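Structure first, then comments.
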Amino acid sequence: GQTVPGTSYTWHQAPDGGACFADGTGWIYVSNSEVGSNAGGASALRFSSTGTVTSAYRILSGTNRNCAGGATPWNTWLSCEEVSTGYVWECDPWGAPATRRAAMGRWNHEAAAADPVRKVIYLTEDAGDGGFYRFIPATWGNLSSGTLQVLTGGSGTSGSFSWANVPDPDGSPTPTRDQVSGMKVFNGGEGCHYAGDTVWITTKGDNRVWQFNLGNNTFELAYDDNLVNPGPAPLTGVDNITGSTFGDLYVAEDGGNMEICLITPDDKISVFLRVTGQSGSEIAGPAFTPAGNRLYFSSQRGTNGSGITYEVTGPFRT
C-alpha cells in the first residue's frame, strides 16, 4: 500500500511467492499478490548494481490469489493461482504482457520449479488431498503445449515413485487429483525447489519437507516436525522454500512463530530469522539475488493486514 521509494508505483497487497532475475549488473525481484476477486497478480522491483530501486511496476493483473510460483531458465516468472480453477500465468519480469498457460493444468496451484536436465516443470497443489505434478513441454522453453503428469508412489514416507499422465488437465468435471488411480496424496502442497538432480516440496498440513531423488526415482522425508528429537521442532507451518548457492534450504513459515529456518546439506536445522509482532501473518517469497548475497521475503499481512517486503543483506554461505 506504500509508494515504492524513488518511484510512483504503489506496492501491492498480500505479497506472496517471489524470485530474483539478473538484469545487466542489477537484478529484479518479482512478487505475487494473493488477492482474490480478480484483483491479484504480480509486481516487480528493479534494482541497480548497488541495490538501489530504479523502478517498480505491475507484470500481471486481473487474476486470483496468486500465491507462490517459480522462475524458468528462460527468465520468466510462473505465477500460480491458488483457487480450485486456478491457472499458471507466465510473466515477463521486465513487464511485457503475461500469458495464461492452460496446458499446465487447472487446479489449486501453489508453486513451480523448473528442471532443466529433464526439461520439465514441477508443480504443487495446495489441497489436503493434493497431488505433485510435472509438466513436460512439447518444446522446452515454450509452455503453450505439453503433457501433464502426476506422481504415483504409494502412501509411505519413503520409496520409489513414477509418473502417470493426467487424462484431463482442465480438471472439469473431475479434478486432476481424482483422475489417476495410485496418485500419491500430499497434505497441503506448498513450496517447490529444484537443485542438483533433487526436487524438494513442502506440505503444510503435516509440517514436512519431502525430497525426491531424480537420479533413481526415490523419495524420502527431508524434515518432519514429529521426528525432531529432542523437541520442540524449530520449523512448523512449512511453506515457501528456496535454496542458496551453497546448497542450504531456506524454509518459510505460515504460522509457527514467523521464522525462516535453514536446513543444511548435512540435515542440520536452525532458525535463520524471526519476524516479531506479526503473529497474524505468514512469511512468503524467500528468494536470493543471482549473486547470492541478498535475500528478499515478505510478511504477507504485516502488522495491520498490509504486507511488508524485506531485504536481508549477507554475507551468506556461497
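The values are calculated or read from the model by the stated rules, or taken from the named source; none is laboratory data. Just so it is clear, the structure is predicted and the values come from calculations on it, not from any experiment. Every residue, glycine as well, gets a Cβ built from its backbone with ideal geometry; the counts of neighbours run over all protein chains shown. The accessibility values were calculated without ligands, DNA or RNA, using every heavy atom of the protein model including side chains. Shrake-Rupley method; radii C 1.70, N 1.55, O 1.52, S 1.80 Å.
Among residues of the range 174-195 being assigned to a strand (DSSP E or B) and not charged (D, E, K, R), the one that is farthest from Gly153 (Cα to Cα) is Ala195.
Could you list, in sequence order, the residues of the range 74-118 that are of a type in the set (Val, Ile, Thr) and surrounded by 17 or more Cβ atoms within 10 Å (Cβ to Cβ)? Matches in the range 74-118: Thr76, Val83, Val88.
Looking only at the range 178-211, residues that are surrounded by 22 or more Cβ atoms within 10 Å (Cβ to Cβ), on the phi > 0 side of the Ramachandran plot and of a type outside the set (S, T, N, Q) come to 1 in all. Scanning the range 246-275 for residues that are under 28 Å from Glu34 (Cα atoms) and either part of a loop (DSSP other than H, G, I, E, B) or open to solvent by 60 Å² or more (accessible area, probe 1.4 Å) (or both) yields a total of 10. Of the residues examined, Asn226 is one that is closer than 30 Å to Arg274 by Cβ, out of contact with any helix residue (DSSP H, G or I) (no Cβ under 7 Å at 6 or more places or on another chain), of a type outside the set (D, E, K, R) and at pLDDT below 95. In the range 1-44, which residues are without any contact (Cβ under 8 Å) to a residue 60 or more places away in the chain, crowded, with 24+ Cβ neighbours inside 10 Å and aliphatic (A, V, I, L, M)? Across the range 1-44, the qualifying residues are Ala42, Ala44. Restricting attention to the range 293-312 and to residues that are farther than 23 Å from Glu110 by Cβ and at pLDDT 95 or above, the residue that is surrounded by the most Cβ atoms within 10 Å (Cβ to Cβ) turns out to be Arg294.
Evaluation of Pro290 against the conditions (1) under 19 Å from the mean Cα position of the chain (by Cα); (2) assigned to a strand (DSSP E or B) shows that the sole unmet condition is (2).
Just checking, does the range 234-255 include any residue being farther than 30 Å from Leu151 by Cβ and either aliphatic (A, V, I, L, M) or in contact (Cβ under 8 Å) with a residue 60 or more places away in the chain (or both)? For the range 234-255, residues farther than 30 Å from Leu151 by Cβ and either aliphatic (A, V, I, L, M) or in contact (Cβ under 8 Å) with a residue 60 or more places away in the chain (or both): absent.
I'd like the full set of residues that are crowded, with 16+ Cβ neighbours inside 10 Å and in a strand (DSSP E or B), limited to the range 62-72. Listed by number, the residues that qualify are Thr63, Asn66, Cys67, Ala68, Gly69, Gly70, Ala71.
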